[in-house]
Amino acid sequence: MSTMRPDKLWTCLKTLLAVMGMVVFVATAPARAAPAKDAVLIAAFGTSVKKARDAYAGIEKQVRLAFPDREIRWAWTAHSLLKTDEKSSRLSPQEALAKLATEGVKNVSVLSLHVIPGAEYHNLVKTARTFEGLPKGIRSITVSPPLLHDTGSIKAVAEILARGLPEKRTRDEAVIFVGHGTHHPAGVYYPALQYYMHQLDPNIFVGTVEDNLNLETVLAAVRAKSPRAVWLVPLMTVAGDHTVNDLFGAQKDSWRQAFTSAGIQVKTVASGLGENTELVRLWVNGLRQ
Ligand code: CO
């Protein structure tokens, strides 16, 4: 049995104390702030219909899978929906970009969840341009194109929609995809989509709640084909207020009531475009370019 000499023990103890001290020093040294991650800002119109927000959750999941190392934030472009909501923490694109700038984020990719390049989309682009390159601010801000933005995208959307028709639908039943509609020149995207949809299936129609292809126009066109029934499908990112009320509402001027009064049986699909993973992939792919 051997014992350590006292002076050797003391050296040993001093070394141990020194090592422990260093460990404590390293552990308590202030951590250098990690550089802010690049961000994806998902910009949607917003919706007052709670159930419709499930579509947003699904979209966010797909964005996270495509961009696992980005910070992901949301903005709603509908001002009327921002502060009246029960969660007033929702931000407009301006507010969200200002917050990211304050946090030191240098690159932001804005994912536009718009369907056409209308007024809402152009406002978003204008906001992004304004925030880009400000002193100490965000270096670069890109905005992805809306779902429909050129001939290729219209054809791609038409094909995806035609592939995703309700299983129970038969060829002698008409299908109407009803979008929002706009007074903006980009309203031409609706008849353009109608053109390509018609080439795939002459019993598919496109309509709009406002302007463009309105209820009377579409009702007359569908009636002329005397279909066995008609399917009403929202052509909007989420099945929100326009779907619940203008399309499927109980009031006399809803699309459902108008077709029912015209003696045509109505069937409905209550999910928005954002619930179609193939369409979300198109939106997300637009972010990569
Ligand atoms: Co509206």
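Values quoted throughout were computed directly from the atomic coordinates according to the rules given, and no laboratory measurement underlies them. Note that this is a predicted model, so its numbers are computed, not measured. Cβ sites come from the backbone with ideal geometry, for glycine too, and all protein chains shown count toward neighbours.
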Largest first and rounded to whole Å, the semi-axes √(5λ) derived from the alpha carbon gyration tensor of the chain read 55, 21, 17
Grab the DSSP H runs of the chain that are 4 residues or longer, score each as -39,500 (n - 2.57), total them, divide by all residues and round the 222 nm result to the nearest 500 deg cm²/dmol. -12500 deg cm²/dmol
Among Asn285, Pro145, Ala66, pick out the residue whose Cα is farthest towards the positive end of the charge dipole of the chain, where Lys and Arg carry +1 and Asp and Glu carry -1 on C-beta, about the Cα centre. Ala66
Measuring from its Cα centre, the chain shows a charge dipole (+1 at each Lys and Arg Cβ, -1 at each Asp and Glu Cβ) which, in debye to the nearest 20, is 1040 debye
Working from Cα positions, state the angle (0 to 90°, nearest 10) between the long axis of helix 119-131 and the longest principal axis of the chain. 20 degrees
Can you compute the equivalent ellipsoid semi-axes for the stretch 184-289, i.e. the square root of 5 times each eigenvalue of the Cα gyration tensor, sorted largest first and rounded to whole Å? 25, 16, 13
Using the structure shown, select from Lys50/Lys225; Lys61/Lys83; Lys37/Lys155; Lys50/Lys136; Lys155/Lys252; Lys168/Lys225 the pairs with a Cα to Cα distance greater than 29 angstrom. Lys50/Lys225; Lys37/Lys155; Lys50/Lys136; Lys155/Lys252
Extension gain Ala270-Arg64, at 0.36 nm per residue separation less the Cα-Cα distance, in nm? 71.6 nm
To the nearest 10 degrees, how steeply does helix 277-288 sit against the main Cα axis of the chain, on a 0 to 90 scale? 60 degrees
Net charge dipole size for the stretch 176-263 [Lys, Arg +1 and Asp, Glu -1 on Cβ; Debye, nearest 20]: 360 debye
Please give me the summed charge of the neighbours of Gly133: other residues whose Cβ is under 15 Å from its Cβ, Lys and Arg +1, Asp and Glu -1. +4
Using the Karplus curve 6.51 cos²θ - 1.76 cosθ + 1.60 with θ = phi - 60°, what ³J(HN,Hα) values do you get for each residue of the stretch 228-237, in whole Hz, with x for Gly and Pro? 5, 6, 10, 9, 9, 10, x, 9, 9, 3
